[in-house]
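What follows is a set of notes on a single structure, which appears directly below.
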Amino acid sequence: MNSPTAGDAARRFVWLPHCLLLLAIAATWLNALQTPFQFDDWWAVQGNPSVANLVAWWDALPGIRPLLKLSYALNSMLSPHAWGFHLFNLLVHAINALLLHALARRWLAALAPGLTGREFAALATALLFALHPATTEAVTYVSGRSVSLMACFALASLLTLTPDTTDPTVRPQPWWSALLFAIALAVRETAIVMPAAWLLFAWCAGFRLRDSLFALRGHGIVIVLALIAVAATPGYHSFFAWSLDTRSFEEQLLGQVQAHAYLFGHTVLGLQTNIDPDVRVPAQWTMPLALKALLLSTAVVVAAWQRRRRPWLCFALGWYFLQLLPTNSLLPRFDLANDRHVYLALIGPVFAVAVVLFGGRGRFIATLGLAALALLFGTMTVLRNHEYRSELALWQATVSASPAKARPRVNLGVAYELAGDEAGAKRAYLCALHLDPENQQARNNLAVTVSGDITPSQRDCSPP
């Protein structure tokens, strides 16, 4: 009888990282299942007749993001209550973590072949991504599903395209990858950058450009068909027309420097989540703003410079900026920054952290560091999910994080109204008008629901 080898033992316990991931996700995200519908959920999901069932969804075609709306329609039929939608979002997030674990193993084999702790680094990448509080807006917030569900098919598309250099029997499936890419695009159009993400990986790994481009032939066909579909869909015409009228090119450039600084400094590194951040277009270039632009530019230069010496770092930095390109670059959006947009981009920083953890120091110290980060991320996520427990709690937390912004005050007023607190609603609306005298929604809400003096003042803006 042959004795078992180390390879046999490794294959026997291949399920262990998956179990650890799923257990950590379940423990961290369990309280998210208890949250109600919030904010945009009321008109995009709960009050949207076009996603009430499959017939209504079919009758509403053609439209923007058809497969996202299909998921809402199926959810409405299977479980119309909020917990059913949250359960679906949580399952998608768990699948994304498993896909990322498989992808990270292949990325590390190609980008950091000398790393002795590759299996630990792959698990660390998936674990830190799964527990980071920045992912809450794409998971706990039902309307954030567009990002997490798109990411599911986008990561699956990359996985079927990325070769496993440690196992030559696993062959890339470029046409399956193209199909999954098409599905991701039909969920959310920002998936358009995924072929570029593959080229970034191939460039950092030293693959031949010709072979890398040939692997994307199916994706090219999908992009052409997607552009035709966009041109034939009236909803996209309105979307782009509205977007281009939002602000000028210079304003967009100033605003996006501010937005990138906020997303990386507050959301990714600072672990500070906010469903309505107070990020505004600066009036002009200032020294602090120029310094932020310089730091962003330096990060891009460092990424290219490290391609040969540390290809994993080049890939991590490039991935982060690439994933933010559709939402935080030249095309204006009403909101300069939202937490949910870093959902996929977050993979770059946690991938770099995982390599640093298991790339130089002892395994025991690295494992302690990973455990400390996972505990910190998980705790922050549990606390953030607790803030989603009611509309009132969510908007109280948002007002605390964005005290000088009028819109959270208006939404807080609506939450107070739903809770039967007219005095609280009045204070919130009056504060919104104090912060923004032109806020017509606050004025209308005051006129309809609140009696008595409606003269706004600073005292109405006390903490909720």
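Given A122, S146, L67, which one lies farthest toward the positive end of the charge dipole of the chain, if we put +1 on the Cβ of every Lys and Arg and -1 on the Cβ of every Asp and Glu? Looking along the dipole axis, the top candidate is A122. Between T233 and T298, the contour length at 0.36 nm per residue exceeds the alpha carbon distance by 19.5 nm.
Could you calculate the contour length gain from R217 to H386, that is, 0.36 nm times the residue separation minus the distance between their Cα atoms, to one decimal place in nm?
Numbers: separation 169, 0.36 × 169 = 60.84 nm, distance 4.56 nm.
Separation in residues times 0.36 nm, less the Cα-Cα distance, equals 56.3 nm.
Here's the picture: a label point sits 7 Å out from the Cα of I95 along the beta-carbon direction, and within the range 40-62 the residues with their amide nitrogen under 19 Å of it are 54.
Here each label is just a point 7 Å from Cα along the line to Cβ, and for W305 and R210 those points are 3.3 nm apart.
Pull out a ≥ b ≥ c, the square roots of the eigenvalues of the alpha-carbon gyration tensor of the range 177-254, then state rounded if a/c is under 1.5, prolate if not and a/b is larger than b/c, and oblate in the remaining case. Working shown, then result.
Numbers: a/c = 3.08, a/b = 1.53, b/c = 2.02.
Judged from the Cα gyration tensor, the range 177-254 comes out oblate (a/c at least 1.5, b/c at or above a/b).
Suppose every Lys and Arg Cβ carries +1 and every Asp and Glu Cβ carries -1, with no other charges. What dipole size does the chain come out with about its Cα centre, to the nearest 20 debye?
Numbers: 33 positive and 26 negative charges, 339 e Å.
My answer is approximately 1620 debye.
If I model a spin label at T367 and M287 as a point 7 Å from the Cα along the Cα→Cβ vector, what separation in nanometres do I get? The modelled label-to-label distance comes out at 5.0 nm.
What shape does the range 13-387 take by its C-alpha gyration tensor, where a ≥ b ≥ c are the square roots of the eigenvalues and a/c under 1.5 counts as rounded, a/b above b/c as prolate, and the rest as oblate?
On the way: a/c = 1.26, a/b = 1.21, b/c = 1.05.
Because its axes are fairly even, with a/c under 1.5, the range 13-387 counts as rounded.
Subtracting the Cα-Cα distance of L20 and S329 from their residue separation scaled by 0.36 nm leaves 107.6 nm.
Quick note: the coordinates plus some simple rules give every number you see, no bench work behind them. Keep in mind that what you see is a predicted model, and the values were worked out from it rather than measured. Positions of Cβ are generated from backbone atoms using ideal geometry, with glycine treated the same way; all protein chains shown enter the neighbour counts.
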